[in-house]
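Below is one structure, written out as structure tokens; comments come after it.
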Amino acid sequence: MNKKILIVHPYDKSTSFLDRIKSHLQGEFSDDLHYFSVKPNQTSHNQCLNTIRDFSVNGLLLFMGHGKSNCLYGAKGDYYGTLENELVKSEEPDKYFYEDNFINEQNLSVFNEKKVIALSCNSNAQLGRKSVENGAKVFLGFGDLPTSIEELKEQGEESKSGVSLGKIEQALKTEINDIIKKSIGIAINKNYNFSELVDLIQFVTNQKISHYLVNQKKISERKLIANYLYTFKKELKVYGNGKEKLLV
């Protein structure tokens, strides 16, 4: 593949908001970007792994989706987790498909010689370290990214009076989108390396935090939103060679 940027985004309704990052980068770098939307079936996952393996060693790989400390999740069908209808399942098996162990320690070699940004929960832990141990040039991982009401409930926000989880959810989705698309776009255009990208993400996030605390005093959730954004930028971690340029 002769494209310089590869975006991998497994289908999952809960991460569809990340499409705005893809659309922004496609608008800026359309000639150099390939977008792989992983469908909820095994064939598409296998094709994606082959695409990653064949991707340029000098290019930038951006994964957007769910994950945990030791793996990246794949696509999730719209009906997964609901009561199964055998007739629907036989006609549309993709609807009930879910791959929650897509890229893991067994196949991390797909990142060999690659430069990776994994916009995924807790990719800053074992997954990032193991990726570099398995040959990745550099890997930028993120911490916990609560971008749904369910995830905010897990953080204990439901018990706080006067707090709208919907407002927090929407704010975090909006700001993470804006921070990432803006930072990656600027970093590519200015020929930044990964360490400089982290500095830029933290700078843009600080601007967002200041905006909520200083200019949004009518929003009762502003301090919670600011705290989540602070954690977002604090938990960024680069494994491997931070001096690697995003693109060569």
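The values are calculated or read from the model by the stated rules, or taken from the named source; none is laboratory data. The structure presented is a predicted model; accordingly, all values stated were derived computationally and were not measured. So basically every Cβ, Gly included, is an ideal-geometry build from the backbone, and we count neighbours across all protein chains shown. Remember, those area values only see protein heavy atoms, side chains included, never the ligands or the DNA or RNA. Shrake-Rupley method; radii C 1.70, N 1.55, O 1.52, S 1.80 Å.
Using a 1.4 angstrom probe, figure out how much accessible area the chain has per residue, in square angstrom, rounded to the nearest whole.
Accessible area per residue: 47 Å².
Please list, in chain and number order, the residues 5+ apart from Lys68 or on another chain whose amide H is under 5 Å from its amide H, with Hs placed from the backbone.
Placed amide hydrogens put Tyr73 under 5 Å from Lys68.
Over the chain, what is the relative contact order in whole percent, taking alpha-carbon pairs under 8 Å and six or more residues apart?
Relative contact order here is 19 percent.
For Val38, list long-range residues whose amide hydrogen, built 1.01 Å from N in the peptide plane, is under 5 Å from its own amide hydrogen.
For Val38, the qualifying residues are His9, Tyr11.
At a 1.4 Å probe, what is the % contribution of carbon and sulfur to the accessible area of the chain?
C and S fraction of accessible area: 45 percent.
Tell me, what ³J(HN,Hα) does each residue in segment 108-119 have, in order and in whole Hz, if you take phi through Karplus 6.51 cos²θ - 1.76 cosθ + 1.60 with θ = phi - 60° and put x for Gly and Pro?
Calculated HN-Hα couplings, in order: 4, 4, 4, 8, 4, 6, 9, 10, 10, 10, 10, 7 Hz.
Give the Rg (one decimal place) followed by the Dmax (whole number) of segment 161-248, computed from C-alpha coordinates and expressed in Å.
Cα only, segment 161-248: 14.7, 51 Å (Rg, Dmax).
Take every Cα pair under 8 Å in segment 4-61 that's 6+ residues apart, average their separations, divide by the length, and report that relative contact order as a whole percent.
Reported relative contact order: 54 percent.
Can you tally the net charge around Leu25? Count Lys and Arg as +1, Asp and Glu as -1, for every other residue whose Cβ sits under 14 Å from the Cβ of Leu25.
Taking every other residue near Leu25 into account, the sum is +1.
What percent antiparallel are the DSSP beta bridges of the chain, to the nearest 5?
30 percent
If we count every other residue with Cβ under 13 angstrom of Asn104's Cβ, Lys/Arg +1 and Asp/Glu -1, where does the sum land?
-1
Starting from the eigenvalues of the Cα gyration tensor, five times each then square-rooted, give me the equivalent ellipsoid semi-axes of segment 92-151, largest first, whole Å.
For segment 92-151, the semi-axes come out at 24, 17, 9 Å.
Give a residue-ordered list of calculated ³J(HN,Hα) values for segment 33-48 (Karplus: 6.51 cos²θ - 1.76 cosθ + 1.60, θ = phi - 60°; whole Hz; x for Gly, Pro).
Result, ordered by residue: 10, 10, 10, 10, 8, 6, 7, x, 7, 5, 4, 5, 5, 5, 5, 5 Hz.
For the pair Glu154 and Glu86, what calculated FRET efficiency results from E = 1/(1 + (r/R0)^6), where r is the Cβ-Cβ distance and R0 = 30 Å, to the nearest 0.05?
Calculated transfer efficiency: 0.40.
What accessible area, in Å² to the nearest ten, does a 1.4 Å probe give for Val8?
0 Å²
Skipping prolines and chain starts, which residues have an amide H placed within reach, meaning under 5 Å, of the one on Leu6, given they are 5 or more residues away or on another chain?
Result for Leu6 returns His34, Leu60, Leu61, Leu62.
Heavy atoms only, probe 1.4 angstrom, no DNA, RNA or ligands counted: give me Tyr98, Tyr228, Tyr79 ranked by accessible area, highest first.
Sorted descending by solvent-accessible area, the residues read Tyr79, Tyr98, Tyr228.
When the helices in the chain are scored as -39500 (n - 2.57) per DSSP H run of 4 or longer and the sum is shared across all residues, what 222 nm value do you end up with, to the nearest 500 deg cm²/dmol?
Helix contribution divided over all residues of the chain: -12500 deg cm²/dmol.
Over segment 126-248, calculate the relative contact order: mean separation of alpha carbon pairs under 8 Å at least 6 apart, over the residue count, as a percent.
Relative contact order of segment 126-248: 40 percent.
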